[in-house]
Amino acid sequence: MEIQPITTYTGKVVPLFYDNIDTDQIIPKVHLKRISKTGFGPFAFDEWRYLPDGSDNPEFNPNKPEYKDASILITGDNFGCGSSREHAAWALKDYGFNIIIAGSFSDIFYMNCTKNAMLPITLDKEAREHLAQFEEITVDLPSQTVSSSEQTFEFKIDETWKNKLVNGLDDIAITLQYEDLIEKYEKTF
């Protein structure tokens, strides 16, 4: 899977203002039977997203027509808490989310996002509520800002993760940047 760099990104927003959304709510354990990173999107938020008969739950924000095709999720505090399953990040990415804006993240979930080419952004509640009012917002990762048509908010990100996301690098691509040094070292044995 080729990783797309995130520099300046404009996307459609969907609010899901619940705190403590855990990884089992993001991707229930019953759906963890796949052996690849793809194909989890249809099961993201499974228990909220679908009615018992399997039809879309019209009350679940991402199912509402005005939020269809949203690629930026704006949510509450402590997003991605619970188990360390990377499947949660895979499900959200496969669903179509590229950016998640929350009040805070579980540390492991945050790392899983960055390792799967999703940008997790931490903003306070006032900023998130403002941004959720707009159909689209713009994220500028190099300048570390999120903007509506009316206001801009700054966010923090570790330089290592910023570099990976801006340049579309995963751990393997970073290792391959040192290929010449690795080959030189291997020849010493």
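Using a Förster radius of 41 Å, what is the FRET efficiency between Leu32 and Leu176 based on their Cβ-Cβ separation? Nearest 0.05, please.
After rounding to 0.05, the efficiency reads 0.85.
Would you calculate a helix-derived [θ] at 222 nm for the chain, using -39,500 (n - 2.57) for each DSSP H run of n ≥ 4 and dividing by the full residue count, to the nearest 500? Please report the intermediate quantities before stating the final value.
Values: 8 runs with 56 residues, N = 189.
Taking each H run of at least 4 residues, the total per residue is -7500 deg cm²/dmol.
Computed from the coordinates I sent, mean projected area of the Cα convex hull in nm² equals one of (1) 10.3; (2) 11.6; (3) 12.3. Tell me the label.
Computing mean projected area of the Cα convex hull in nm² and matching it to (1) 10.3; (2) 11.6; (3) 12.3 gives (3).
I need the phi-derived Karplus couplings for the stretch 134-142: 6.51 cos²θ - 1.76 cosθ + 1.60, θ = phi - 60°, integer Hz, Gly and Pro marked x.
Values, residue by residue: 9, 5, 10, 9, 10, 10, 10, 5, x Hz.
Mind listing the long-range amide H neighbours of Asn20? Cut-off is under 5 Å, sequence gap 5 or more, other chains count too, H placed in the peptide plane at 1.01 Å from N.
Asp77, Asn78, Phe79
Just subtract the alpha-carbon distance of Lys12 and Asn167 from 0.36 nm times their residue separation and send over the number in nm, one decimal.
Values: separation 155, 0.36 × 155 = 55.80 nm, distance 2.26 nm.
Value of the extension gain: 53.5 nm.
How far, in nm, would the chain grow between Gln4 and Thr188 when pulled straight, counting 0.36 nm per residue and subtracting the alpha carbon separation? Don't skip to the end; give the middle numbers.
On the way: separation 184, 0.36 × 184 = 66.24 nm, distance 3.60 nm.
Extending this stretch completely gives an extra 62.6 nm.
Taking all protein chains as present, what is the carbon and sulfur share of the accessible area of the chain, in % to the nearest whole number, probe 1.4 Å?
The nonpolar share, carbon plus sulfur, comes to 49 percent.
Which order do the peptides 158-168, 78-88 take when ranked by the mean count of other beta-carbon atoms within 10 Å per residue, highest first?
Working: 158-168: 14.5, 78-88: 21.1.
Per-residue Cβ counts within 10 Å, averaged per peptide and sorted highest first, yield 78-88, 158-168.
In whole Hz, with x marking every Gly and Pro, tabulate ³J(HN,Hα) for the stretch 45-54 from phi via Karplus 6.51 cos²θ - 1.76 cosθ + 1.60, θ = phi - 60°.
Karplus values, whole Hz, x for Gly and Pro: 6, 2, 6, 8, 6, 10, 7, x, 7, x.
What whole-number distance in Å separates the alpha-carbon centres of the stretch 58-121 and the stretch 6-57?
8 Å
Give, in whole angstrom and from largest to smallest, the semi-axes √(5λ) of the equivalent ellipsoid of the stretch 33-111, with λ running over the eigenvalues of the Cα gyration tensor. Can you show the working numbers first?
Details: eigenvalues 83, 53, 29 Å².
Working through the eigenvalues yields semi-axes of 20, 16, 12 Å.
With +1 assigned to the C-beta of every Lys and Arg and -1 to the C-beta of every Asp and Glu, and no other charges, what is the dipole magnitude of the chain about the Cα centre in debye, to the nearest 20?
Dipole size: approximately 440 debye.
Roll a 1.4 Å probe over the protein chains and send me the accessible area per residue for the chain in Å².
Details: 10360 Å² over 189 residues.
It amounts to 55 Å² per residue over the chain.
Can you list the HN-Hα couplings for the stretch 12-23, worked out from phi with the Karplus curve (6.51, -1.76, 1.60; θ = phi - 60°), rounded to whole Hz and with x for Gly and Pro?
Those phi angles translate into 6, 9, 10, x, 9, 7, 10, 8, 6, 6, 9, 5 Hz.
The values are calculated or read from the model by the stated rules, or taken from the named source; none is laboratory data. Fair warning: this is a prediction, and the values are worked out from it, not measured in the lab. Positions of Cβ are generated from backbone atoms using ideal geometry, with glycine treated the same way; all protein chains shown enter the neighbour counts. For accessibility, only protein heavy atoms count, side chains too; no ligands or nucleic acids. Shrake-Rupley method; radii C 1.70, N 1.55, O 1.52, S 1.80 Å.
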